[in-house]
Amino acid sequence: MNESLGSFQSVWQPATGLLPEGQYYNAFALPAWWQPRAGPWRVLVLGLGAGTVWRVIEGALPSDMELETTGVEIDPDVVELGRRWLDLPGPGRADRVVVAGVDGRAALHHVSRRFDLVVLDAYQNQMEIPPQLASVEFFEQAAQSLATDGTMAVNVGAFGLEDPVLEALASTMARGFRQRVLAVRVPFSRNVALFARLDSEPPDPRGSDFVPSSGPLVRLASAMAIDGSSRWFDVPDRAPLTDDRNPIESLQRASVERATRSGP
Amino acid sequence: MISAFALACAFVGPPDRDRAIELAREGRFTDALFAAELEPDPARRAEALLYTRLHAGDLDGALRVARAARLAGHSSAWLEEREAYAALSVRDAVWARTALDALAARPEGLGVDLAAAGARWRVELDALASTLADRDRAATRARTVTILGTLALSAAALALAFTRDRARPSP
């Protein structure tokens with residue numbers, strides 16, 4: 001589903017699993033390979049759209065893991081379109097729960113189960129991150145919905161690893177989790193994936209645990225592991241973005257202005 | 001990450017640009033960068049680094065390699081063609097023009113493939129420049145309309161206030 005200006009809200013292909021190179025959704029399949037174990041892999045997606053993240057993870061999981069997932073989408077029309085055209089499962093499946101018409105922040109209040117992975121992929125007006133999903137209070141709340149050693153992953157549209165929006169969001173996330181946050185550039189795209197864990201840190205791209213030894217994600221992880229493609233964000237003393245003070249809109253403007261200043 | 005490949009390199013001697021390219025094609029990007037760094041010739045080293053970063057999807061990194069090579073006088077026609085391609089991929093018309101101009105100015109002349117690629121990127125550059133110019137014109141138009149609209153509304157408000165003052169009976 002194309003929202004115009006080359007901004008795709010959801011992507012579908014006949015088979016589940018990884019999408020072609022350059023699609024940031026593929027990065028959300030990595031945490032399962034960092035923590036492989038038999039059994040259910042419980043995933044919460046905030047900003048489900050038409051279920052692209054579900055289909056990518058479903059087809060890219062290690063063979064002995066099973067996806068159990070809940071998705072929150074604020075726009076019920078998108079869910080309806082997804083069910084009609086993009087193979088989004090309908091109501092009645094306990095392992096594919098869709099919560100439609102609810103904001104991600106509000107939905108977190110009602111989540112009772114703990115998840116191995118929480119994915120935040122919510123935008124408004126194509127490129128604006130909603131402020132209520134970009135504050136330290138939100139990340140503290142999201143951390144509480146994770147199981148032991150669970151991971152949170154965030155999609156950020158950013159012009160490089162020094163982008164002002166990325167820096168503010170990653171530092172805020174680090175403050176909310178009280179853990180360092182890993183930012184990884186998604187190859188062939190203007191997207192960066194942020195990863196944070198509840199009780200530890202995600203694997204270091206320079207370490208031996210980052211690139212899986214086998215499976216569909218070896219090439220992607222190898223590309224993410226090269227020098228200059230990742231950055232760690234330390235826990236700051238104060239979060240740059242809070243519910244009371246959230247300059248995310250001015251940061252987004254600064255991000256675009258900074259990008260237009262670059263040149264040969 | 002020090003892989004078995006990197007350790008092997010320390011004993012069997014430095015692999016060259018072709019080895020790095022081969023590794024990049026296999027998706028072993030860290031090893032490819034390591035091999036590239038061992039290439040003694042600066043131009044060939046830059047080519048291997050750029051090839052690896054392009055195939056790893058690090059377009060900004062590839063552009064940085066190309067710029068560094070150009071500034072150090074180690075560039076090549078191949079590098080400049082790839083630089084133009086990367087710049088067009090990130091929609092940077094100014095950068096792409098710089099690379100294509102450098103490619104066109106090569107005194108030694110270009111082979112058939114590079115000349116054809118250069119011509120193709122020049123067409124793409126013209127299309128991109130036109131799109132960006134349209135966008136800039138639209139932005140200017142929107143700003144002008146906003147300013148004129150604000151001025152018109154302000155003038156109307158002032159005129160209304162002035163008319164009301166004059167219409168009010170004096171005490």
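Taking 7 Å steps out from each Cα toward its Cβ at A:Arg206 and B:Thr150 produces label points 4.9 nm apart. The residues of segment A:226-246 listed by number as losing at least 30 Å² of accessible area in the complex, against the isolated chain and with a 1.4 Å probe, are A:Ile226, A:Asp227. If the elastic network links every pair of Cα atoms under 10 Å, which of A:Asp121, A:Asp199, A:Asp237 fluctuates the most in the Gaussian network model of chain A? Maximum fluctuation in the GNM of chain A, among the listed residues, is at A:Asp237. Once the Cβ-Cβ distance of B:Asp113 and A:Ser63 is raised to the sixth power relative to R0 = 45 Å, the FRET efficiency obtained is 0.55. Between A:Arg114 and A:Asp243, residue separation times 0.36 nm minus the direct Cα-Cα distance comes to 44.0 nm. For segment A:185-207, accessible area lost to neighbouring protein chains reaches 30 Å² or more, against the chain alone with a 1.4 Å probe, at A:Arg185, A:Phe188, A:Arg190, A:Arg206.
Which FRET efficiency value, to the nearest 0.05, is calculated for A:Val256 and A:Glu140 with the Förster distance at 25 angstrom and r the Cβ-Cβ distance? Before the final figure, lay out each step's value.
Details: r = 29 Å, r/R0 = 1.16.
The computed FRET efficiency comes out at 0.30.
With the cut-off at under 20 Å, measuring from each backbone N in segment A:33-70 to a point 7 Å along the Cα-to-Cβ line of A:Val102 picks out A:42-54, A:68-70. Highest mean packing first, where packing is the average number of other Cβ atoms within 10 Å per residue, the peptides A:28-40, A:221-233 line up as A:221-233, A:28-40.
Between chains B and A, what is the buried accessible area summed over both chains (1.4 Å probe, protein heavy atoms, nearest 100 Å²)? List each step's numbers first, then the result.
On the way: alone 10570 and 12220 Å², together 21200 Å².
Separately minus together, B and A give about 1600 Å² buried.
Between B:Ala96, B:Ala87, B:Ala133, the Gaussian network model of chain B with springs among Cα atoms under 10 angstrom shows the greatest mean-square fluctuation at B:Ala133.
Modelled this way, with points 7 Å down the Cα-to-C-beta line, the labels at B:Asp165 and A:Ala94 are 7.7 nm from one another. Roughly how far apart, in whole Å, are the Cα centres of segment A:138-209 and segment A:64-131? The distance from the Cα centre of segment A:138-209 to that of segment A:64-131 comes to 20 Å.
With a probe of 1.4 Å, find how much accessible area chain A has per residue, and write the answer as a whole number in Å².
Numbers: 11400 Å² over 264 residues.
I get 43 Å² per residue for this part.
Apolar share of the accessible surface for segment B:75-161: 65 percent from carbon plus sulfur atoms, 1.4 Å probe.
Work from the charge dipole of chain A (Cβ charges, +1 for Lys and Arg, -1 for Asp and Glu, about the Cα centre) and give the residue of A:Leu117, A:Val72, A:Gly39 farthest towards its positive end. Toward the positive end, the furthest listed residue is A:Gly39. Amide H contacts of A:Thr151 (H built 1.01 Å from N, in plane; Pro and chain starts excluded): A:Leu117, A:Val118 sit under 5 Å, all sequence-distant by 5 or more or on other chains.
The values are calculated or read from the model by the stated rules, or taken from the named source; none is laboratory data. In this text, all values refer to a predicted model and were calculated from it rather than measured experimentally. A quick note on method: Cβ atoms are made from the backbone with ideal geometry, for glycine too, and the neighbour counts reach across all protein chains shown. For accessibility, only protein heavy atoms count, side chains too; no ligands or nucleic acids. Shrake-Rupley method; radii C 1.70, N 1.55, O 1.52, S 1.80 Å.
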